[in-house]
Structures are given as C-alpha cells and as structure tokens.
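Here's the structure, in structure tokens; my notes come after.
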Amino acid sequence: MARPLSLGAERPGSRDAAASYPNSARRSGRKPGIRRALLPLLGLVLVTLSACKTSPVTGRNSFNLFSAQDDVALGRDAYTEVLANAKVVSRGAQKDMVERVMSRITAIADDPGFEWEVTLIDDDATVNAFALPGGKMAVYTGILPVCQDEAGLAVVMGHEIGHVVAQHGTERMTRSLGIDVAFSLLNTGDYEALARSAVQLALELPYDRGHESEADEIGLIYMAKAGYDPRAAPLFWERMGALAGGRPPEWLSTHPSPETRTRRLEEAMPKALEAWRRAAGEAP
C-alpha cells in the first residue's frame, strides 16, 4: 500500500524543502514531488482498468474488484455452510436430470476457471434455485413441477449460470463497498437512513433488476447453445409469475415484472433460436 503523506512533511517551496531537491531538478524548474503525488492516482487508474469486466453474451461493461478466482473461493466456503443442514438427494432420475443439464450448459459456457457443481435439495416447499459466486449451485425439488421438463429446468439453471459468468454476486459486493465509502465521506449523520433508502430506490433496485434481466438473456443463449429449445423460457417465467400472485410494483422490486421479463426474452429470441438450430446441426 502506498505510504500516505505525512502532515509533518516539509512544505514544497520552503527553503529547507527547496534545498532537498536534486540540483538538476532545481535548474529545470521541475519538482519530483509533483510526480510522486501523481503515483497514487496512477495506481487508482490502473486498479480501475484492471477491475473492468465485460459480461459474456450481452457485452455489458462493469466494475468488479474481485477476480474469478476470488469468486471460486467465496462460493466454495459458502456452499459448505448452505449444504450443512440440507437434505441432499443422492440418487434418482431427478438428480440425474439436474446434473445432465448442468453438464450440458457449462460445457458451452464462458468459463475462466469456475468450479461447477450442483446439488439437488429435497424440499418440495421451496420453489427456488440459486448459484453462488464461482459455480456452486443448488436446485430445490419444489421448483421441478414448475419446470415441467428438462427444457424448463434448463431455463432455471441457465439463468443461475448467467449470474455466475457475469460475476453478479461480487459485482454487488463491489458496489456495496463503494456506497459505504461514499457515505463515510459524505457524513450524512442523522439523514443517513433516509439517504440510503433513496439510494436503494434510485440505484440498487434498478441495478439488481438489470442483473436479473442479464442473467435471463445469458441463460437463454446458453440453453439454446446446449441444445434446449429456448421457447421454453417465456413459458416458464409465465408459470413463475402466476405462482407469485400479488407482487410489489416493479420499481420496488429486485426482479423485473413478469411482463418485462417476457418482453425482453422475446426480443432476444431470434438470436437464441439461431443458436439452437446451429446446435441441432441445422443450416442458419
């Protein structure tokens, strides 16, 4: 870490400070202290450039301080904790189907070195699936009836794999760190809770909805490339929307509305159908 400037340092321009400059620098009028002061800024620029990421499929640029290897380490630790008290399905047709979908989609996914693994959890009351940073995933048996078939399951798992390859989890962590730093600098005092609520409505919720839409699009293309009919995707999300019943307005939610989701999937459908036909060996 760069050493901070000391408050007790001599001030440039004083007699003692001027005497400390090399003679050549005094003759030329250049002050090395200015160049030294620019080094931290240069370091920040380099860190910023190195932390810029591009999502596969969508090409979206993002800022993320974490590497793919960081994602793997974070996910590996969390996965152990999640599964510690879970009832894991160890055999059967459902487990085989889940592992088959995982294998087919990850085989064509953009992979900088993730550790792909999926576990089927016996919990019919939980209609859900999740993926941790780095490629560890869990599918609950409760979502399988909504999937209806293997293509429907590919919609779910493709979406979760989309979150992984775009590194959404650690991108959110990076954003949270930035927000915390900003509030510490602004010193909003008694208004901090109100300010954080405003930030959540104005920035965080739309940001999260953007991640969900991006995972939808990546998952749609991935399932098509893996040989699954992408037309199963809008139908699956319609079924999920019907289960959700009453929902808050989209602007108060972390997820797009079913209508928005379906519309964006239909917009990406021509590209997905072309990928699906190519996977099937058909002429474009």
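Here, each number is a calculation from the coordinates, and none is a lab measurement. Keep in mind that this is a model prediction, so the values were computed, not measured. Here Cβ is always computed from backbone atoms with ideal geometry, including for glycine, and neighbour counts include all displayed protein chains.
Let me know the shape class of segment 112-168, please: from the alpha-carbon gyration tensor, a ≥ b ≥ c as square roots of the eigenvalues, rounded when a/c is under 1.5, otherwise prolate if a/b is greater than b/c, or oblate.
Verdict is prolate for segment 112-168.
What is the packing order of peptides 130-138, 166-174, taking the mean over residues of other C-beta atoms within 10 Å and listing the highest first?
130-138, 166-174
Could you work out how much longer the chain between residue 242 and residue 94 gets when fully extended? Use 0.36 nm per residue separation minus the Cα distance between them, nm to one decimal.
Gain in length upon complete extension: 50.9 nm.
Kindly identify segment 93-141 as rounded, prolate or oblate by the Cα gyration tensor criterion: order the square roots of the eigenvalues as a ≥ b ≥ c, call it rounded if a/c is under 1.5, otherwise compare a/b with b/c, prolate if a/b is larger, else oblate.
oblate
Would you list 52, 147 from fewest to most Cβ contacts within 10 Å?
52, 147
Give the lysines reachable from residue 225 as a straight Cα distance under 16 Å; neighbours fewer than 8 places away on the same chain don't count.
271
If I take all pairs of Cα atoms in segment 69-152, what percentage of them are more than 22 Å from each other?
24 percent
For residue 268, what is the net charge nearby, where nearby means another residue's Cβ is under 9 Å from its Cβ and Lys, Arg count +1, Asp, Glu -1?
-2
Which order results if 81, 160 are arranged by neighbouring Cβ count within 10 Å, fewest first?
Ordered from fewest to most neighbouring Cβ atoms within 10 Å, 81, 160 come out as 81, 160.
Once you put a point 7 Å from the Cα of residue 52 and another 7 Å from the Cα of residue 235, both along the Cβ direction, what distance in nm separates them?
Result for the modelled spin labels: 4.3 nm.
Contour minus end-to-end for residue 177 and residue 107, with contour as 0.36 nm per residue of separation and end-to-end as the Cα-Cα distance?
Full extension of this stretch gives 21.9 nm more.
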